[in-house]
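Have a look at the structure below before the remarks.
Derivation of every value follows stated rules applied to the coordinates shown; laboratory data play no part. On a predicted model such as this, the values are computed, not experimentally measured, just so you know. Cβ coordinates were reconstructed from backbone atoms using ideal geometry, including for glycine residues, and neighbour counts include every protein chain displayed.
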Amino acid sequence: MSHSDEFDQPSLPLGETYPEIRESVRALCADFPGEYWRALDRERAYPADFVKALTEAGFLSALIPEDYGGSGLPIGAAAAILEEIHRSGGNGAACHAQMYTMGTLLRHGSPEQKKAYLPGIASGELRMQAFGVTEPTTGSDTTQLRTTATRDGDHYVVNGQKVWISRAEHSDLLLLLARTTPKDQVRSRREGLSTFLVDMREAVGNGLTIRPIRTMLNHATTELFFDGLKVPAENLIGAEGQGFSYILDGMNAERILIAAESIGDARFFVDRASAYAKERVVFGRPIGQNQGIQFPIARAYAASEAADLMTRKAIALFEAGKPCGPEANMAKLLASEASWSAADTCIQTHGGFGFAEEYDIERKFREARLYQVAPISTNMILAYIGQHVLGMPRSY
Ligand SMILES: Cc1cc2nc3c(=O)[nH]c(=O)nc-3n(C[C@H](O)[C@H](O)[C@H](O)COP(=O)(O)OP(=O)(O)OC[C@H]3O[C@@H](n4cnc5c(N)ncnc54)[C@H](O)[C@@H]3O)c2cc1C
């Protein structure tokens with residue numbers, strides 16, 4: 001690489017990014033303290049007031065271009081917003097998809113579709129935060145999915161089943177990935193799937209049934225059953241058969257934003273653990289004076305800083321319009337592992353109190369665990385790195 005190539009590389013901000021945005025998010029989150037999240041967690045209830053406040057403050061439309069009523073900010077700003085929500089003890093998963101699911105529409109939708117939906121999504125009047133990809137029988141093997149959308153005149157008829165579709169009950173629009181060409185008729189396994197905008201307000205009760213799934217965390221996730229649901233042909237996004245590549249196009253953004261949430265979680269745990277280790281006195285000394293307590297917290301801090309650096313690199317490449325698949329995937333991998341090990345350390349530091357609901361640590365512990373499974377599991381990221389970055393044979 002020549003010197004001039006080196007200088008063409010995007011630069012990495014090393015200080016706090018978007019300090020004003022972070023400050024406003026912190027101020028907003030201060031109105032939604034641990035008691036708020038705890039009460040919802042007990043009932044597995046949706047944080048409607050928190051989502052309303054974020055929407056009204058304009059944070060959820062950060063990535064929508066100004067022409068459509070959003071703030072047109074770069075992905076680094078969205079990452080800062082989500083990181084701060086998580087660092088405060090909250091959970092952005094209730095609405096993070098409102099930020100990025102619209103990316104498929106923005107990149108591949110027709111001018112009419114964008115005009116019809118994006119301004120409503122930007123104002124929050126339209127919720128587009130449900131994303132229907134995963135199926136019970138095919139799981140991580142997305143290209144093999146079985147839900148079909150069959151063209152019939154001016155509409156498609158959808159039949160099949162999805163699982164783990166989060167926020168479906170709190171979304172007006174669902175971005176659906178369904179098969180439009182049978183598997184044995186496609187040239188490559190990336191073809192034959194299409195993306196649709198499903199209007200949930202019309203669909204539920206008319207071919208779509210939603211069944212909530214109670215999980216170890218408050219995530220409003222559901223199963224969807226499609227039985228002859230009619231979707232107008234004009235709701236197809238982009239070209240028929242190209243839906244899988246449209247979904248892939250949005251994945252780097254999703255990986256980066258999830259990494260930011262995990263970094264926020266890791267910092268929440270490190271903040272809480274180090275504070276407690278300084279004040280809790282046992283055997284006549286603060287527990288943080290013992291290296292058995294101090295070192296794991298220091299290690300968790302180092303891991304979260306390293307994950308943050310990789311996330312900054314992914315963001316810088318993404319914002320410069322350069323390929324960032326490896327960095328976005330590594331950011332998500334490292335951040336989700338850093339948050340999980342910080343969560344474990346935080347529980348250990350708190351002893352019995354780590355298990356008490358009122359400390360919020362056990363709740364955050366449950367929430368942080370998700371990100372090694374969803375939206376993509378750790379093994380799939382390792383397989384991507386092994387195959388696409390290191391050139392080893394495909395393992396599946
Ligand atoms: C709370 C929650 C919310 C979710 N929200 C959404 C959503 O809104 N929309 C949506 O579409 N999906 C959603 N998901 C689904 C999520 O993306 C999947 O759970 C995830 O991609 C893994 O798929 P799976 O559960 O079918 O696991 P499987 O594919 O069955 O895999 C099980 C395990 O085996 C491993 N494995 C499988 N194959 C291989 C292989 N070849 N090599 C090595 N390891 C392998 C996996 O890594 C995983 O650890 C959500 C999941 C959860 C739990």
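Starting from the Cα-Cα distance between residue 23 and residue 154, subtract it from 0.36 nm times their residue separation and give me the gain in nm to one decimal.
42.2 nm
If Lys and Arg each add +1 and Asp and Glu each add -1, what is the summed charge of the other residues whose beta carbon sits under 14 Å from the beta carbon of residue 151?
It works out to a net charge of -2.
Measuring from a point 7 Å past the Cα of residue 388 along Cα-to-C-beta, which residues in the stretch 121-136 have an amide N at less than 16 Å?
none
Hey, how many Å between the Cα centroid of the stretch 43-57 and the Cα centroid of the stretch 229-256?
If you average the Cα positions of each part, the centres end up 27 Å apart.
If you place +1 on the Cβ of every Lys and Arg and -1 on the Cβ of every Asp and Glu, how big does the dipole about the Cα centre of the stretch 3-123 come out, in debye to the nearest 20?
With only Lys, Arg, Asp and Glu charged at Cβ, the dipole is about 520 debye.
Subtract the Cα-Cα distance of residue 48 and residue 201 from 0.36 nm times their separation in residues, and report this length gain in nm to one decimal.
53.3 nm
Using only the alpha-carbon atoms of the stretch 3-123, report the extent along each of the three principal axes, biggest first, to the nearest angstrom.
So the three principal-axis extents are 55, 41, 21 Å.
Based on alpha-carbon centroids, what's the gap between the stretch 304-371 and the stretch 120-197 in Å, whole number please?
29 Å
Would you tally the net charge around residue 201, using a Cβ to Cβ cut-off of less than 13 Å, leaving residue 201 out, and scoring K and R as +1, D and E as -1?
Net charge in that neighbourhood comes out at -4.
Rg and Dmax in Å for the chain, alpha carbons only: what are they?
Considering the chain through its Cα atoms, Rg and Dmax are 21.7, 79 Å.
Cβ under 13 Å from residue 365's Cβ, residue 365 left aside: what net charge do those residues give with Lys, Arg +1 and Asp, Glu -1?
Cβ neighbours under 13 Å give a net charge of -2.
Which trypsin sites (Lys or Arg not before Pro) from the stretch 300-396 combine a DSSP loop assignment with at most 10 other Cβ atoms within 10 Å?
Those that pass, being in a loop and sparsely packed, are 394.
Taking the Cα centre as origin and putting +1 on Lys and Arg beta-carbons and -1 on Asp and Glu beta-carbons, what dipole magnitude results for the stretch 91-208, to the nearest 20 debye?
So the dipole magnitude of the stretch 91-208 works out to roughly 380 debye.
List the aspartates and glutamates whose alpha-carbon lies under 18 Å from that of residue 183, not counting same-chain residues fewer than 8 positions away?
Cross-link targets: 135, 141, 191, 240.
Tell me the volume per residue, in Å³, of the convex hull enclosing the alpha carbons of the stretch 248-389.
Given the Cα convex hull of the stretch 248-389, per-residue volume reads 102 Å³.
Looking only at GluC sites (Glu not before Pro) in DSSP loops with at most 12 other Cβ atoms within 10 Å, what is the longest site-free stretch of the chain?
In short, 126-396.
Magnitude of the Cβ-charge dipole of the chain, K/R +1 and D/E -1, about the Cα centre, nearest 20 debye?
Dipole size: approximately 1000 debye.
Given points 7 Å out from each Cα along the Cα-Cβ axis, report the residue 185 to residue 38 separation in nanometres with one decimal.
5.8 nm
Can you count the Lys pairs in the stretch 248-389 whose Cα atoms are under 29 Å apart, with each pair 8 or more apart or on different chains?
6
In the stretch 180-222, how does Rg compare with the Kirkwood Rh, expressed as the Rg/Rh ratio over alpha carbon atoms?
Taking Rh as the inverse mean 1/r over Cα pairs, Rg/Rh reads 1.15.
In the stretch 9-57, which trypsin sites (Lys or Arg not before Pro) are in a loop and have at most 16 other Cβ atoms within 10 Å, using DSSP for the loop call?
44
List the DSSP H helices in the chain whose Cα atoms stretch 15 Å or more along the helix axis and whose mean Kyte-Doolittle hydropathy is at least 0.5.
75-87
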